[in-house]
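One structure is given here, and the rest of the page talks about it.
The values are calculated or read from the model by the stated rules, or taken from the named source; none is laboratory data. Not measured: the values here are computed from a predicted model. A quick note on method: Cβ atoms are made from the backbone with ideal geometry, for glycine too, and the neighbour counts reach across all protein chains shown. Accessible surface is based on the protein model in full, side chains and every heavy atom, while ligands, DNA and RNA are left aside. Shrake-Rupley method; radii C 1.70, N 1.55, O 1.52, S 1.80 Å.
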Amino acid sequence: MSNPINRHFLIAGACFLLAQPCIAQNEAEEEIDQESIADCFDYCGPLIVEGQPSRRIPASLGSNRSISITDGTSIETALRDVPGLQQFRRSDSRSANPTSQGVTLRGLGGNASSRALVLLDGVPQMDPFGGWISWTGLDASAAASAMVSSGGGFVRQGQGAIAGVIELFSARANIGSTGDRMAFGLHGGSFGTVGVRTDGLVDVGGIIVQFAGEAERSDGFAPIVAAQRGPADGRAPYQRRGGSLRLLRALTDTVELQANLRSWNDRRNRGTAFSDNINEGTDASVRIVGVGPVEWSLLGYFQDRNFASQFGSISTDRRIVAPVLDQYSVPATGWGGRGEIGFEPFTNGQLKIGADWRRTEGETRENFFFTGLTPGRNRIAGGQTETIGGFGELAIEPVYRLKFALSGRFDRWQIENGFRREVNIGGAVRSDDHFANRSGTEPTARVAFDWKLFESGITDEIHFRGSAFTAWRLPTLNELYRPFRVGNDATAANEALSIERVRGAELGASWRKGDFSLSVTGFANQLKNAIANVTLGQGPGNFPGVGFVAGGGTYRQRRNLGAIISRGFELDASLALSNETRVSLGYAFVDAKIRASGAAALLDGLRPAQVPRHFGRVTVAHEGEKLSADATLRYLGSQYEDDSNIRILDEALTADVRLSYAVSPDVSVELRGENVLDARVEAAISGVGVIERANPRTLWLGLSWKVK
């Protein structure tokens, strides 16, 4: 496969010559009230020229959680503490196939594609072809905080927010308010893991230059549980690198230009022959931000991504691996832009209006139908999608302590130039299908309120809040045109998939008194036309769209289900035991059911695959002048591996610890342990009962230092 990423690294390479990851990002999570959220345009996302914006532009009222990403774990791990937030599979990016890392919330299930939007400084981070999230690429950025908004219908961020929005923001550095700085980190740990990272900021003639870079390599752990490993099984090594460059320039006293470039490369093997993955990409964006009586922003971006993956069929005694599919290249590109203005049209009222556009295109190129090591057939499939829409959001406070937010958007979408071509390598064309273009329009709407029932001073208050919404998601090119494999299981694409549409509502209350806070939110969602992987047959045999499926393997196809009905509640609580010590907990209960008929009728009433009923977390954190430490217990309830609810992944209780000591103001040492009790975290079960694990006990020791 070609490696275009290298030419992009040459552009930015001088800025992150020492680049790479030691910092594991320590995260602190708390619920933020709407007054705090409203203090910054785009939730403090843009780096404003002279401090904060002059006027408050509120975010949509709803269930929002703020996360600080500091020196510690990866972004992916930091987000795990949000109750009910999950990826399609339990594995993280150290051992997962990147296509299994679609993110969702509130039990809405899914597949590789995310049902929650993930944004970095306003730019969508879902892969243009597949909708999965390249977490290792995000770790190469200078992201320092996140806002997680659960639920759907958030109109400003674009279409697709049917489960929620995860907004990541680069570190703030107001122009003229800070001096040059640079930080370095080095770490090593279990499984031969070694990593380095650097980030910093310099002022070059009035241009603020922010940069970050990271690299890590590891021998990896063996994904298959010890009792079931055979001669074919080994460790899952990986190596990754990436860097980002961010330029900030004050054009006037109230207008700032922001330019961003990020590039990364991730290569891994999943523990057997013929299981190599390559995931790489380059993102570039330009944003102009203006503050004053009217606040506004303009954003344009481009994304260049590529992915490759191999799959093998493993004999039942796990001695022999034979190649079955070589997806040697999945190139994809994305373009987009958005504009937004915010102002006060009347007293106690604030309005945001804007428009956005996004276009994606890509294709899968793969060899299959192997005889020994020689492929007999080649498949190329792909297409393009495009959405363009306008939105508006009005926030009003008709009476003291009562706020309403009314928002809506209207989009036009297109799916076009879809095709799938299969040939006998060196021979005849087997099929050459071109699919009809489709287009349509879709609305999104949301209404929300926040009623402050009681307040006394600044630390004693009770809120009652709620929202109702509609939203939709366009199928990805991956779902429409690309088949895939996990072990011996194979899933075919479906070019006729319909749009997913969600209707939902939530009610919640929060209480804050002194050092104690408590928030409870109940929710209900109906996701119509939910795209799922539906079981249609068992191997061995040849099946349309995927070729041969070995004995013990399952044949599935992406289909639209009637609906996924998801109901439940989320709880967050926090208590400061002292000025330096705090205990917090989060819990989510999700009761999700499938409604299905026709070919999927046997799934009716079952739980969606990969959706547990229970998520729980308890954290005790201490932040002293020199010593900081935290310990976290996480609980994941059992969940079904398959749509038929036959194979079940066991519950898991894990414990993480972190200890950091500041040797001097500029030098610190950190010890971290993940899953220190080495609990078994089951990530997958094959058709013949082979269990893949995730996140075994891992220890790291890191050193970081700052240069001013």
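In square angstrom, what is the accessible area per residue of segment 62-210 with a 1.4 angstrom probe?
20 Å²
Just to confirm a number: summing +1 for Lys and Arg and -1 for Asp and Glu over residues other than Phe311 whose beta-carbon lies under 15 angstrom from that of Phe311, what do you get?
Net of charged neighbours comes to +3.
What three numbers, in Å, describe the spread of the alpha carbons of segment 642-702 along their principal axes, ordered from the longest?
Reported extents, whole Å, longest axis first: 56, 18, 16.
If I take every Cα pair under 8 Å that is 6 or more residues apart in the chain, average their sequence separation and divide by the length, what percent do I get for the relative contact order?
Values: 2211 pairs, mean separation 79.9, N = 708.
Worked out over the chain, it gives 11 percent.
Enter the accessible area of Trp705 (Å², nearest 10), with the probe set to 1.4 Å and all protein chains included.
Counting only protein heavy atoms, the figure is 90 Å².
Step through the table entries Lys352/Lys706; Lys626/Lys708; Lys352/Lys708, compare each Cα-Cα distance with 29 Å, and write down the pairs that go over it. Intermediate values should be presented prior to the final figure.
On the way: Lys352/Lys706 40 Å; Lys626/Lys708 19 Å; Lys352/Lys708 40 Å.
Distance filter (> 29 Å) returns Lys352/Lys706; Lys352/Lys708.
What does the accessible area of Trp413 come to, in Å² to the nearest 10, when a probe of 1.4 Å is used?
The accessible area comes out at roughly 20 Å².
Top to bottom by accessible area (1.4 Å), largest first, where do Val324, Val549 land?
Result, largest first: Val324, Val549.
In terms of solvent-accessible area of protein heavy atoms at a 1.4 angstrom probe, what is the ranking of Arg365, Arg94, highest value first? Don't skip to the answer; put the middle values down first.
Working: Arg365 80, Arg94 30 Å².
Highest to lowest solvent-accessible surface, that is Arg365, Arg94.
Which whole-number percent of Cα pairs in the chain have a distance greater than 52 Å? All intermediate terms of the calculation are to be shown ahead of the outcome.
Values: 16135 of 250278 pairs.
Above the 52 Å cut-off, the chain has 6 percent of its Cα pairs.
Hey, which aspartates and glutamates would be in cross-link range of Lys452, C-alpha to C-alpha under 16 Å, not counting anything within fewer than 8 residues on its own chain?
Straight-distance partners of Lys452: Glu31, Asp33, Glu35, Glu397, Asp460, Glu461.
Heavy atoms only, probe 1.4 angstrom, no DNA, RNA or ligands counted: give me Phe346, Phe368 ranked by accessible area, highest first.
Phe346, Phe368
Just the accessible area per residue of segment 467-507, please: how many Å² with a 1.4 Å probe?
Working: 1020 Å² over 41 residues.
That works out to 25 Å² per residue.
Under a 1.4 Å probe, what is the accessible area of segment 305-369 per residue, stated in Å²?
Here the residues of segment 305-369 average 39 Å² of exposed surface.
Can you list the lysines whose alpha carbon sits under 28 Å from that of Lys593, skipping same-chain ones fewer than 8 residues off?
Within the straight-line cut-off, Lys593 pairs with Lys528.
With a cut-off of at most 12 other beta carbons within 10 Å, and DSSP calling the residue loop, which GluC sites (Glu not before Pro) in segment 553-631 qualify? Please list them.
For GluC sites (Glu not before Pro) across segment 553-631 that sit outside H, G, I, E and B with at most 12 neighbouring Cβ atoms in 10 Å, the list reads Glu625.
Heavy atoms of the protein only, probe of 1.4 Å, neighbouring chains included. What is the accessible area of Val194 in Å², nearest 10?
Accessible area of Val194: about 80 Å².
Counting only protein heavy atoms and using a 1.4 Å probe, what share of the accessible area of the chain belongs to carbon plus sulfur, as a whole percent?
So the carbon and sulfur contribution to the accessible surface is 59 percent.
Please give the Cα centre distance for segment 640-708 versus segment 519-575, rounded to the nearest Å.
Using only Cα atoms, the two centres lie 25 Å from each other.
Can you tell me which of 254-263, 97-106 comes out highest on packing, and rank the rest after it, using the mean Cβ neighbours within 10 Å?
Final packing ranking: 97-106, 254-263.
Based on the Cβ-Cβ distance of Thr347 and Asp203, what FRET efficiency does E = 1/(1 + (r/R0)^6) give at R0 = 41 Å, to the nearest 0.05? Before the final figure, lay out the partial values.
Details: r = 40 Å, r/R0 = 0.99.
So, using R0 = 41 Å, E works out to roughly 0.50.
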